Amino acid sequence: MPEFTPRQRAYIKKRSAVPHVDPSEEAGELNIIPFLDIVVNLIMFLLMTTASVLAVVQIETELPSYGGGGGVGGGEPEEKLNLNITIVSEGVIVTGSGAKLAPGCENTAGGRVITVARKGDSYDWNSLTECVARVKKEYPNETQVIVSADPLIEYIHLVNAMDAVRKKDDQELFSEVLISGGVR
C-alpha cells in the first residue's frame with residue numbers, strides 16, 4: 001500500500017467523514033421559530049397601534065329616550081320620517097315612512113324604484129341633495145337620515161352620499177347621518 005502524505009491523509013479524512021446534521025434538519029422540517037417571532041412582534045405592534053388609535057377616536061352616540069309625546073296627557077305622537085338613502089349600482093333609492101320616492105322626488109311609487117338614477121360612471125349627488133331638500137321642507141323638524149349601500153359599492157360613494165344629505169349650500173338639511181349595513 002502506498003504511503004500518503006500528511007496533506008493527502010487530511011484530505012481523505014475530510015472527505016470520508018460523516019457529517020453530523022442537526023436533528024431538526026435531519027427530518028426535513030422547516031425551522032419556523034424565527035417566523036413566529038416576527039408574527040408575535042407584528043401582533044403586539046398592531047394591538048398597541050389599535051389601542052392608541054381607539055384612545056384618540058371618539059364616537060358620538062345617543063341612547064334611546066323614554067317618554068316623549070305619547071304618554072298620558074302628551075297628545076298625539078309625532079310621525080317619524082325614517083328617511084333612508086340606499087346606494088345601489090343603478091343609482092340612489094330614497095325611502096321614508098314605508099314609501100319610496102319616485103324619480104323627480106315629487107311623489108311616491110311602489111316596487112323597485114331608483115329615485116336618482118346614475119349618470120354614466122358617476123352618481124348625481126346634486127340631484128340627491130335637491131331631493132332631500134324637498135323632503136326637508138315637508139319635515140322641517142327631522143334631523144336624522146340613514147345611509148346604506150350595496151356591499152359592492154365603493155366606500156367613496158357612501159361618503160359622497162353622506163355629504164349630499166347633510167347640507168345644501170349654507171342650509172343644513174339632515175345633521176344626524178347614520179350608516180347602516182347594506183342589504184342585497
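Quick note: the coordinates plus some simple rules give every number you see, no bench work behind them. On a predicted model such as this, the values are computed, not experimentally measured, just so you know. Here Cβ is always computed from backbone atoms with ideal geometry, including for glycine, and neighbour counts include all displayed protein chains.
Need one number: % antiparallel among DSSP beta bridges in the stretch 83-179, to the nearest 5. The partial results should precede the final answer.
Details: 14 of 23 bridges.
Here the share of antiparallel DSSP bridges comes out near 60 percent.
For Ala99 and Val39, what does the FRET efficiency come to when R0 = 41 Å and r is the distance between their Cβ atoms, rounded to the nearest 0.05? The partial results should precede the final answer.
On the way: r = 53 Å, r/R0 = 1.30.
Between Ala99 and Val39 the formula returns 0.15.
Mind listing the Cα extents of the stretch 110-161 along all three principal axes, in Å, largest one first?
For the stretch 110-161, the Cα extents along the three principal axes come out at 33, 23, 20 Å.
Taking the stretch 97-163, which trypsin sites (Lys or Arg not before Pro) meet the DSSP loop condition and have no more than 10 other C-beta atoms within 10 Å?
Arg112
For the stretch 119-184, run through the GluC sites (Glu not before Pro) and keep only the ones in DSSP coil with at most 14 other Cβ atoms within 10 Å of their Cβ.
Sites meeting the loop and neighbour criteria: Glu154.
Whole-Hz Karplus ³J(HN,Hα) for the stretch 124-132, in order, using 6.51 cos²θ - 1.76 cosθ + 1.60 and θ = phi - 60°, x for Gly and Pro?
Each residue of the stretch 124-132 in turn: 9, 6, 5, 5, 5, 5, 4, 5, 6 Hz.
Assuming R0 = 41 Å, can you tell me the calculated FRET efficiency for the pair Asn141 and Asp121, based on Cβ-Cβ distance, to the nearest 0.05?
Efficiency for this residue pair is about 0.65.
Quick one: compute a quarter of the convex hull surface over the Cα atoms of the stretch 83-179 and quote it in nm².
It is 5.8 nm².
Sticking with the crude label model, points 7 Å out along Cα→Cβ, report the distance from Val159 to Leu47 in nm, one decimal please.
So the two model labels end up 3.1 nm from each other.
Quote to one decimal, in nm, the extra length available between Tyr11 and Ser89 on full extension: 0.36 nm per residue of separation minus the C-alpha distance between them.
The Tyr11-Ser89 span can extend by a further 20.4 nm.
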